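**Student:** Mind looking over this structure? Questions follow.
The values are calculated or read from the model by the stated rules, or taken from the named source; none is laboratory data. Not measured: the values here are computed from a predicted model. Here Cβ is always computed from backbone atoms with ideal geometry, including for glycine, and neighbour counts include all displayed protein chains. Please note that ligands, DNA and RNA were not included when accessible areas were found on the heavy atoms of the full protein model with its side chains. Shrake-Rupley method; radii C 1.70, N 1.55, O 1.52, S 1.80 Å.
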Amino acid sequence: MKKYLFVRIINILITLYIIATATFFLMKQLPGSPFDEERLSNLSEEQRIEFYAKYGLDKPLSEQYVLYLKNLVQGDLGDSFYFKGQGVSELIAGRIGPSALLGFQAVLLGFTLGIVLGIIAAFKHNTMWDFSTMLVAVLGVSVPNFVFAALLQYYVGLKLGILPVAFWESYSSSIMPSLALSLIVIALIARFTRNEMLEVLQQDYMLTARAKGLSQFKVIYKHAIRNALIPVITILGPIVVSLLTGSLVIENIFGVPGIGSLFVDSIKVNDYTTIMGLTLFYSAFFVLTMLVIDLLYGVIDPRIRISGAKE
Amino acid sequence: MEKLLELKNLHVSFRTYAGKVQAVRGVNLFLKKGETLAIVGESGSGKSVTSKTIMKLLPGHSAKIDDGEILFEGKNLVHYSEKEMQKVRGSEISMIFQDPMTALNPTMTIGNQIIESLMAHQKIDKKQAAFKAVELLKLVGIPNAEARIMQYPHQFSGGMRQRVVIAIALACNPKVLIADEPTTALDVTIQAQILDLMKDIQKKMKTSIIIITHDLGVVANIADRVAVMYAGKIVETGTVEEVFYNPQHPYTWGLLGSMPNMETREELIAIPGTPPDLLNPPKGDAFAERNEFALKVDYLREPPMFKLSETHYAATWLLHGKAPKVEKPAVRSRKRLAVTRPNLQAVAEKPQVKQSLVEIKNLKKYFSSGKNEVLKAVDDISFTIYKGETLGLVGESGCGKSTTGRTLMRLYDATDGEVLFQGEKVHGKKSPAELKEFNRKVQMIFQDPYASLNPRKTVADIIAEGIDIHGLAASKEERREKVYELLETVGLNKDHANRYPHEFSGGQRQRIGIARALAVEPEFIIADEPISALDVSIQAQVVNLMKKLQKERGLTYLFIAHDLSMVKHISDRVGVMYLGSMVELASSDELYDEPLHPYTQALLSAVPVPDPAREKSRERIILEGDLPSPSSPPSGCRFRTRCPHATELCASSVPKWREAKPNHWVACHLF
């Protein structure tokens with residue numbers, strides 16, 4: 001197990017190194033620079049050179065790269081070019097709160113509702129329950145979340161006026177963006193749970209459980225649900241990704257000061273260090289999530305636990 | 001004796017998209033205290049449905065008990081609610097299922113699965129339940145029960161899992177145990193262990209057992225009474241002796257005749273055709289269509305149960321006073337197997353000049369399974385297959401018989417050693433033309449007739465694929481003619497050419513598979529368990545067909561199977577494999593009459609034969625334990641860990657593969 005973890009962490013570090021390198025060079029390939037913006041257009045040539053020197057942009061690319069890596073190893077993502085005097089790490093730390101709240105709420109709501117809907121659909125297979133759940137699931141996957149977000153804003157925010165439309169002040173501001181984000185989670189989880197559940201209900205061990213004389217509730221709770229949920233964990237990864245990308249748009253629509261909107265803003269102004277920092281942050285978050293999922297898998301499924309231990 | 005359980009005129013149907021399938025059509029049965037009743041029949045006969053109906057375990061939304069009574073100790077279970085049934089299940093009536101690999105919840109320790117059953121019916125706390133669970137595991141013969149109770153199902157072998165399933169079923173000491181094909185998914189030596197266990201438990205706990213099976217050998221071994229089911233009805237019932245030695249229903253005749261025993265030499269008596277469609281069950285006797293003795297009245301009216309003795313009943317019009325007397329086929333001779341008599345005649349009959357077709361020399365096939373782990377699927381085997389013969393290859397699952405077949409065909413590369421086909425190396429580099437020629441000459445018939453035919457192709461295209469690849473037909477007309485001819489050869493007809501595989505039954509599909517193999521005019525056919533997925537009566541049809549084709553076309557077969565009696569029946573010589581090595585090879589008569597290797601002896605003794613008197617009197621060699629893992633086989637002789645004769649020599653050195661008697665090869669230190 002320890003060895004497994006060690007190998008996985010090494011793999012993660014290699015992955016992150018490759019991503020860091022790739023983003024660094026891609027960024028340098030982009031046309032324009034952080035000082036192209038209008039408010040800086042009246043910079044004199046000397047001032048410009050001074051700026052370049054200040055941020056180390058005058059050095060050869062290889063040197064910049066080495067410096068960047070050096071800082072990275074020490075946990076320093078560099079200073080933002082745009083937000084004066086702020087380190088990228090601080091910037092992310094300051095913005096992560098709202099994003100984390102949204103993500104957490106969306107996952108929680110998505111999983112709970114998705115699993116419940118999936119189980120109901122499986123048990124009421126081929127009834128109105130099943131059909132309507134699956135309709136929701138199909139809509140959830142096919143309707144882009146910004147469309148759903150706009151609908152929420154219009155009906156809940158404007159017409160009913162019960163929730164703030166697009167500003168961030170209190171907890172209530174997080175409800176609509178979380179809802180908008182969770183739609184795809186609900187849809188994916190409901191569909192997946194339903195299919196797994198239908199599969200599990202066909203298994204022989206369900207018959208064994210019933211033949212023992214267990215109550216209906218126990219049969220479902222102890223034998224069906226756990227087995228059906230094991231594969232559901234596998235789609236946690238893709239869901240996390242969809243939440244990350246989803247949050248870019250959703251945060252902008254609802255005016256949430258999270259890292260999604262930070263990302264979009266920094267791209268608009270060629271803020272190299274922030275873009276690189278955020279890319280790395282997203283990547284690290286993603287690979288770590290995958291690691292946690294794999295470990296979780298071992299906890300919940302004894303078959304994998306054992307073979308993992310052997311390694 | 002008192003009737004513990006009785007079914008009266010039970011009708012069960014399923015609602016499907018196509019219509020109402022009448023799976024059980026008026027079954028009358030009873031089970032007395034302490035006896036074992038076997039329900040025999042082919043797939044679709046309704047035997048499983050009947051057993052699940054007793055427990056009311058059928059899917060509620062599609063299955064329906066249309067009529068009849070299920071009387072358990074005088075109470076009618078048909079009217080029981082789901083809640084009331086939950087009290088009966090597990091505590092009064094228990095059930096064990098066919099496949100132990102899937103019958104246990106993979107995410108729960110086996111201890112918890114037993115405890116759960118105990119706590120559902122008895123007022124005991126978890127500690128007491130855990131203590132009882134250990135006792136139960138000991139009862140069903142699981143060594144080291146205290147430690148193993150914490151383990152998960154995947155840490156047990158198939159045979160051990162079936163013991164766990166039995167332990168769960170016995171947890172609350174039920175009065176009736178229903179076993180639905182409890183040994184079908186197991187190897188013969190493990191099957192023998194489980195059957196012994198069931199008999200043992202019945203003696204100790206006085207449980208009444210209903211065993212559902214298609215294997216008449218198992219019936220002869222374990223049952224007191226038999227009910228033969230066909231198309232949702234009981235067609236004959238009686239004590240085992242009555243049904244086996246004095247069968248009255250033509251279907252029972254067919255069933256007994258289509259199963260070879262160790263002595264059968266003549267062609268098997270196959271039952272023609274396939275069972276009827278229960279969407280529209282035929283009027284009259286459902287078996288009439290396949291019955292060569294059918295009378296006119298069979299097509300019009302259902303025969304009643306004719307009483308032959310206090311216990312023996314059969315439903316056929318042949319027993320009516322006015323029916324013509326028919327000579328029933330000699331389905332059984334009661335002569336005992338002469339175990340020690342050398343079969344001189346058979347030796348003399350052998351063809352004198354033998355031309356070798358395939359030579360296998362020190363063949364090895366290893367698979368890497370994970371890091372630094374090598375699975376030695378086939379480890380150093382040598383033998384020769386002669387032109388025109390059928391060589392049978394038997395062994396338990398995991399012994400490497402299928403790997404051998406596939407390696408011979410070049411589907412796998414050999415790790416070491418060589419295979420010569422007609423004197424030329426099979427493995428290694430070959431030009432495309434050589435490869436094509438080799439592929440034409442060697443063909444394969446697969447085990448699963450459902451998975452081995454492409455569902456999106458018509459039968460004609462499936463059969464003709466080889467013809468197209470090898471350019472064996474000059475024109476479209478010739479191709480069509482060839483397909484028609486092949487279909488007729490395998491007993492299908494022209495009209496079948498444009499249909500798709502799903503329109504055929506298992507037996508018919510296997511015929512299509514054979515036609516496909518024959519299409520390219522091969523010389524050597526590897527048949528990998530070609531009949532194990534088929535019903536007994538259909539097995540006989542396919543085996544007879546294969547024998548006939550061999551005679552007509554001079555084919556050479558490698559027949560891989562685990563069913564020893566069928567292998568004996570079809571093969572000229574038989575090789576026995578154990579854990580990747582060949583332990584014995586001899587002519588089939590000699591091997592069965594005078595097995596040398598202790599494993600062969602145990603294997604033969606484990607096969608139940610459809611003869612109750614012999615089954616109940618003979619001494620069995622029951623092998624202890626399970627098959628060791630092929631990735632870390634025992635040192636020296638691989639069989640030594642289960643061998644009753646093992647000595648120190650067996651642990652230290654590998655026995656040589658040598659000719660102990662003329663044409664009788666064995667790898668054992670005893671010889």
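**Student:** Restricted to the range B:155-176, and to residues that are touching a Ser or Thr at 6+ places or on another chain (Cβ under 9 Å) and within 11 Å of chain A (Cβ to nearest Cβ), which residue is farthest from B:D563 (Cα to Cα)?
**Tutor:** Applying the filter and picking the extreme gives B:C172.
**Student:** Can you list the helices (runs of 4 or more DSSP H) lying wholly within the range A:58-162 that have 1 or more residues being more than 29 Å from A:I275 (Cα to Cα) and either in contact with a Cys (Cβ under 6 Å, 6 or more places away or on another chain) or aliphatic (A, V, I, L, M) (or both)?
**Tutor:** A:88-123, A:128-142, A:145-152
**Student:** I'm trying to understand the selection: among the residues of the range B:91-102, which are within 28 Å of the chain's Cα centre (by Cα) and either over 22 Å from A:V299 (Cα atoms) or within 8 Å of chain A (Cβ to nearest Cβ) (or both)? It would help to see each step written out before you state the result.
**Tutor:** Taking the range B:91-102 first, the residues within 28 Å of the chain's Cα centre (by Cα) are B:93-102.
Answer for the range B:91-102, where residues must be within 28 Å of the chain's Cα centre (by Cα) and either over 22 Å from A:V299 (Cα atoms) or within 8 Å of chain A (Cβ to nearest Cβ) (or both): B:I93, B:S94, B:M95, B:I96, B:F97, B:Q98, B:D99, B:P100, B:T102.
**Student:** Being out of contact with any Cys (no Cβ under 8 Å at 6 or more places or on another chain), open to solvent by 10 Å² or more (accessible area, probe 1.4 Å) and away from every other protein chain (no Cβ under 11 Å), is that true of even one residue in the range A:197-213?
**Tutor:** yes
**Student:** Let me ask something additional. For B:F524, only one of the following conditions fails: (1) under 30 Å from B:P250 (Cβ atoms); (2) open to solvent by less than 10 Å² (accessible area, probe 1.4 Å). What is its number?
**Tutor:** Unmet for B:F524, out of (1) under 30 Å from B:P250 (Cβ atoms); (2) open to solvent by less than 10 Å² (accessible area, probe 1.4 Å): (1).
**Student:** Do you know which residues across the range B:450-506 are free of Cβ contacts under 8 Å to residues at least 40 places away in the same chain, exposed (fewer than 13 other Cβ atoms within 10 Å of the Cβ) and of a type in the set (K, R)?
**Tutor:** The answer is B:K476, and nothing else.
**Student:** Looking at the structure I just gave you, is A:M134 closer than 25 Å to A:M206 by Cβ, surrounded by fewer than 18 Cβ atoms within 10 Å (Cβ to Cβ) and either under 22 Å from the mean Cα position of the chain (by Cα) or touching a residue at least 24 places away in the same chain (Cβ under 8 Å) (or both)?
**Tutor:** yes
**Student:** Now a separate question. Out of all the residues in the range B:123-138, which are within 23 Å of B:R163 (Cβ to Cβ) and not in a helix (DSSP H, G or I)? First the steps, then the outcome.
**Tutor:** Initial filter on the range B:123-138 (within 23 Å of B:R163 (Cβ to Cβ)): B:124, B:126, B:128-138.
Hit for the range B:123-138 is B:I124, nothing else.
**Student:** Does B:I209 count as surrounded by fewer than 24 Cβ atoms within 10 Å (Cβ to Cβ) and either of a type in the set (G, A, S) or closer than 19 Å to B:S94 by Cβ (or both)? Please lay out each step first, then the result.
**Tutor:** Details: surrounded by fewer than 24 Cβ atoms within 10 Å (Cβ to Cβ): yes; either of a type in the set (G, A, S) or closer than 19 Å to B:S94 by Cβ (or both): yes.
Here the answer is yes, as B:I209 does meet what is asked.
**Student:** Which helices (runs of 4 or more DSSP H) does the range A:200-311 wholly contain that include 2 or more residues that are over 26 Å from the mean Cα position of the chain (by Cα)?
**Tutor:** Answer list for the range A:200-311: A:204-211, A:302-310.
**Student:** Then there is this: Which condition breaks for B:G68 when tested against (1) open to solvent by less than 50 Å² (accessible area, probe 1.4 Å); (2) away from chain A (no Cβ under 13 Å); (3) assigned to a helix (DSSP H, G or I)?
**Tutor:** Only one criterion in (1) open to solvent by less than 50 Å² (accessible area, probe 1.4 Å); (2) away from chain A (no Cβ under 13 Å); (3) assigned to a helix (DSSP H, G or I) is unmet by B:G68, namely (3).
**Student:** Quick one: which residue in B:D626, B:D589 is farther than 19 Å from B:S382 by Cβ, surrounded by 20 or more Cβ atoms within 10 Å (Cβ to Cβ) and touching a Lys or Arg at 6+ places or on another chain (Cβ under 9 Å)?
**Tutor:** None of the others qualify; the one that does is B:D589.
**Student:** State yes or no: is B:D285 open to solvent by less than 30 Å² (accessible area, probe 1.4 Å), free of Cβ contacts under 8 Å to residues at least 60 places away in the same chain and assigned to a loop (DSSP other than H, G, I, E, B)?
**Tutor:** yes
**Student:** Mind checking whether some residue in the range B:48-63 is of a type in the set (D, E, K, R) and either more than 23 Å from B:E181 (Cβ to Cβ) or in the same structural domain as B:H312 (by TED's automatic domain parsing) (or both)?
**Tutor:** Looking for residues that are of a type in the set (D, E, K, R) and either more than 23 Å from B:E181 (Cβ to Cβ) or in the same structural domain as B:H312 (by TED's automatic domain parsing) (or both), one finds none in the range B:48-63, hence no.
**Student:** Show me the strands (runs of 3 or more DSSP E) entirely contained within the range B:160-256 in which 2 or more residues are not aliphatic (A, V, I, L, M).
**Tutor:** The strands (runs of 3 or more DSSP E) meeting that bar are B:208-213, B:225-230, B:233-239.
**Student:** So, one more: Among the candidates B:N105, B:N112, single out the residue that is at the interface with chain A (Cβ under 8 Å from one of its Cβ atoms) and modelled with pLDDT of 90 or more.
**Tutor:** Only one candidate passes the filter, namely B:N105.
**Student:** Only residues that are more than 10 Å from every other protein chain (Cβ to nearest Cβ) and either buried (at least 18 other Cβ atoms within 10 Å of the Cβ) or hydroxyl-bearing (S, T, Y) (or both): list them for the range B:115-129, please.
**Tutor:** Within the range B:115-129, B:I115, B:A129 qualify.
**Student:** Answer yes or no: is there a residue in the range B:645-663 that is closer than 30 Å to B:R225 by Cβ, open to solvent by 20 Å² or more (accessible area, probe 1.4 Å) and either without any contact (Cβ under 8 Å) to a residue 40 or more places away in the chain or in the same structural domain as B:C399 (by TED's automatic domain parsing) (or both).
**Tutor:** The answer is no; no qualifying residue exists.
**Student:** Out of the residues in the range A:214-252 meeting the condition of being open to solvent by 50 Å² or more (accessible area, probe 1.4 Å) and more than 14 Å from every other protein chain (Cβ to nearest Cβ), tell me which one is farthest from A:R95 (Cα to Cα).
**Tutor:** Kept after step one, since they are open to solvent by 50 Å² or more (accessible area, probe 1.4 Å), are these residues of the range A:214-252: A:216-218, A:221-222, A:226, A:234, A:238, A:241, A:245, A:249, A:252.
Next, only the ones that are more than 14 Å from every other protein chain (Cβ to nearest Cβ) stay: A:234, A:238, A:241, A:245, A:249, A:252.
Working: A:T234: 29, A:P238: 23, A:V241: 19, A:T245: 16, A:V249: 15, A:N252: 13 Å.
By that ranking, first place goes to A:T234.
Residues checked against (1) under 29 Å from the mean Cα position of the chain (by Cα); (2) at pLDDT 75 or above:
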{"residue": "B:L295", "(1), (2)": "no, yes"}
{"residue": "B:A323", "(1), (2)": "no, yes"}
{"residue": "B:V331", "(1), (2)": "yes, no"}
{"residue": "B:V339", "(1), (2)": "yes, no"}
{"residue": "B:Y366", "(1), (2)": "yes, yes"}
{"residue": "B:T384", "(1), (2)": "yes, yes"}
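**Student:** Can you go through B:K376, B:K361, B:K371 and tell me which one is open to solvent by 60 Å² or more (accessible area, probe 1.4 Å), at pLDDT below 90 and in a strand (DSSP E or B)?
**Tutor:** Within the list B:K376, B:K361, B:K371, the selection yields B:K376.
**Student:** Let me ask another. Looking at (1) open to solvent by less than 10 Å² (accessible area, probe 1.4 Å); (2) within 14 Å of another protein chain (Cβ to nearest Cβ), which is the one condition that is false for B:V24?
**Tutor:** (2)
**Student:** Which count do you get for residues in the range B:395-437 that are surrounded by 18 or more Cβ atoms within 10 Å (Cβ to Cβ), assigned to a helix (DSSP H, G or I) and not charged (D, E, K, R)?
**Tutor:** Qualifying residue count for the region: 6.
**Student:** Here is a follow-up. Within the group A:Y272, A:Y297, which residue is within 14 Å of chain B (Cβ to nearest Cβ) and either surrounded by 22 or more Cβ atoms within 10 Å (Cβ to Cβ) or of a type in the set (S, T, Y) (or both)?
**Tutor:** After applying the criteria, what remains is A:Y297.
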